[in-house]
1. Please tell me the relative contact order of segment 329-456 in percent, rounded to the nearest whole number, where contacts are Cα pairs under 8 Å and at least six residues apart.
2. Taking a 1.4 Å probe, which of 530, 593, 87 shows the most accessible area, and what order do the others take after it?
3. Suppose R0 equals 25 Å. What FRET efficiency, 1/(1 + (r/R0)^6) with r the Cβ-Cβ distance, do residue 232 and residue 41 give to the nearest 0.05?
4. For segment 506-547, evaluate the Debye formula with one uniform point scatterer on each Cα (no solvent term) and list log10 I(q)/I(0) at q = 0.23 Å⁻¹, rounded to two decimals.
5. With labels modelled as points extended 7 Å from the Cα through the Cβ direction, what inter-label distance (nm, one decimal) is found for residue 314 paired with residue 87?
6. Expressed as cubic angstrom per residue, what is the convex hull volume of the alpha carbon set of segment 386-513?
7. Can you give me the three principal axis dimensions of segment 472-554 from its C-alpha atoms, in Å, biggest first?
8. Evaluate E = 1/(1 + (r/R0)^6) for residue 451 and residue 276, where r is the Cβ-Cβ distance and R0 equals 51 Å; express this FRET efficiency to the nearest 0.05.
Amino acid sequence: MSIEEKGTISIHTENIFPIIKKFLYSDNEIFLRELVSNAVDAVQKIKRLVALGQYSGELGNPLVEVAVDKEKKTITITDNGLGMTAEEIKKYINQVAFSGASEFVEKFKDAKDANEIIGKFGLGFYSAFMVSDLVEIQTLSYQEDAEPARWVCDGSTEFEITAGSKTTRGTEIILHINAESEEFLDNHKIEEILDKYGKFLPVPIKFGTKTVQEPDGEDEEGKPKTIGVEVDNIINTTNPIWTKVPADLSDEDYLAFYKQLYPFSEDPLFWIHLNVDYPFNLTGVLYFPKVKNDFDMQRNKIKLFSRQVFITDEVKDIVPEFLMLLHGVIDSPDIPLNVSRSFLQADSNVKKINSYITKKVADKLQELFNKDRKGYEEKWGDIGLFVKYGMVSEEKFNDKAKDFALLTNTKNENFTLDEYREKVKDFQTDKNGQVVYIYSNDPSKQDSFIQSANKKDYDVLLMNSAIDNHFVSHLEQKLEKTALKRVDSSVADKLIEKGDAIESVLTEEQSKTVSSIFEKAITKPGMHVEVVGLNPDELPVTVTMDEFMRRMKDMAQMGGGMGFYGNMPDSYKVAINGNHKLIGKILKTDNEEEQSLLAKQAVDLALLAQGMLTGAELTAFVSRSVELI
């Protein structure tokens with residue numbers, strides 16, 4: 001029987017091909033992903049038929065081959081899968097692929113990206129026309145007595161089906177590359193795209209050949225010889241680790257896979273193997289990298305696959321925001337190959353996957369903490385950022401994390417939230433029954449404040465990571481009757497109001513005189529002088545910014561919606577220690593110049609302790625100090 005048929009693809013509106021070409025042009029490399037994925041599917045299907053006993057022919061070695069012919073300007077994708085009959089070509093290529101064509105032409109104008117369109121309208125095969133003037137299919141079905149068939153279309157709505165020339169089972173798609181797309185006739189370019197989308201496809205993908213050195217006996221001196229042998233260049237690993245059972249894998253396997261994904265990265269801290277088949281399908285491996293403080297550098301390192309076909313590394317809606325800093329792979333056949341942003345945000349499976357990943361990460365961290373607390377504490381510097389970020393942004397995670405989140409103090413000791421409360425509650429409770437946690441965000445800069453707090457037996461926490469601004473507020477919201485104060489937000493005696501303040505030795509009149517001397521000596525704006533009674537060993541002058549005010553300003557700086565505070569001028573408290581001998585010395589002298597000099601020196605020392613003395617003021621302070629010596 002000879003097959004010969006010409007026809008028109010039934011589209012009732014304008015020609016679809018110019019639209020495909022024009023609209024999808026920005027992302028035209030996906031034609032190769034689509035065609036190679038289709039070829040892999042055809043091979044997987046014949047394997048399934050063999051397994052089910054529905055095909056008794058010879059399976060052969062499953063293979064998809066991609067070949068470039070620069071002279072003929074063609075790219076050919078060949079598989080030894082199911083193949084098609086002429087009737088199937090009519091059904092799948094002419095009808096199914098175009099069943100949504102009219103609707104597509106109506107709606108393409110509103111689509112946000114190429115993937116959205118291709119996926120929604122089943123146009124995967126037709127992405128071939130983004131780069132081709134002519135597309136030819138040569139195919140032979142696995143069915144008994146099937147005849148080879150050929151389909152040709154030049155990018156208009158007209159096609160032709162005739163008898164084909166294929167003698168072995170499978171399908172060959174020949175793309176005659178158009179003038180604008182000749183970049184795809186470059187072997188290096190094709191290998192790059194195959195590596196991106198097909199690195200882990202489940203069927204071997206052959207692209208040309210390569211030379212490997214194999215043993216070839218020994219030379220006269222008995223040294224081993226090698227010989228160059230031409231072998232198939234298989235670009236993919238067909239069984240990546242996420243398709244295997246965790247029990248069959250060693251730490252070396254996980255680390256080797258990490259190196260394959262991120263060749264220049266340091267080893268990860270640990271990893272989580274995901275494997276769930278109900279209520280959705282999901283496999284993958286997520287790695288905890290060593291985190292640098294630069295959030296953005298770390299993102300978009302998780303690759304999303306669907307049945308081992310790479311889709312995207314923008315996984316924002318699938319992975320909870322706080323875990324965007326993880327690296328690794330997620331594979332779910334429940335997520336369509338051509339995925340769009342709006343789909344991800346609305347899909348219920350995606351929401352379930354998101355919750356599942358959150359739970360798995362929390363369970364893994366709890367397990368590490370329970371099994372090897374010392375090892376966990378050593379990694380806390382890197383893990384802490386994830387955990388705090390998760391607690392602040394995800395309620396469910398916070399509920400679990402409060403058992404394995406750690407607080408670290410300036411002596412480098414670690415405590416769980418419950419342990420820390422137990423440690424400080426007896427010393428650090430104020431007169432209203434509120435426990436006060438004192439923290440430092442820059443221990444080297446705030447050292448004098450930390451030492452003053454330590455003298456009073458107060459413990460000081462370290463809160464110096466990128467997320468700690470938010471974490472401090474989070475702890476105040478979540479912990480009962482607890483306040484957090486930065487160590488330099490007040491003098492040590494006033495950090496925790498216990499109602500047992502030291503009295504100032506100065507009379508009211510003397511206090512007024514001291515205030516007046518210091519107000520004249522201060523040239524910086526926003527400084528409010530207050531004479532207080534403190535321990536004589538404390539500094540004569542301390543400059544602090546109110547905790548609430550500083551926190552609001554910090555949040556405004558980080559874009560936390562506190563813009564109003566961000567625009568307010570800085571305001572500082574200058575606490576003069578009325579019990580310090582320097583204040584007595586200032587009061588004893590009648591020389592105004594000397595009073596002003598000593599006051600200036602004391603204020604500058606306090607500013608220096610806060611890192612607030614710079615430029616000309618610092619130069620003046622140094623000169624003055626030299627004179628005083």
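The values are calculated or read from the model by the stated rules, or taken from the named source; none is laboratory data. Since this is a predicted model, take the numbers as computed values, not measurements. Every residue, glycine as well, gets a Cβ built from its backbone with ideal geometry; the counts of neighbours run over all protein chains shown. Note: accessible area is taken over every heavy atom of the protein model, side chains too, but ligands, DNA and RNA are not part of it. Shrake-Rupley method; radii C 1.70, N 1.55, O 1.52, S 1.80 Å.
1. Reported as a whole number, the value is 13 percent.
2. 593, 87, 530
3. 0.75
4. -0.94
5. So the label points at residue 314 and residue 87 sit 4.4 nm apart.
6. Output value, Cα hull per residue: 129 Å³.
7. Ordered largest first, segment 472-554 gives principal extents of 46, 32, 20 Å.
8. Working from the Cβ atoms, E equals 0.45.
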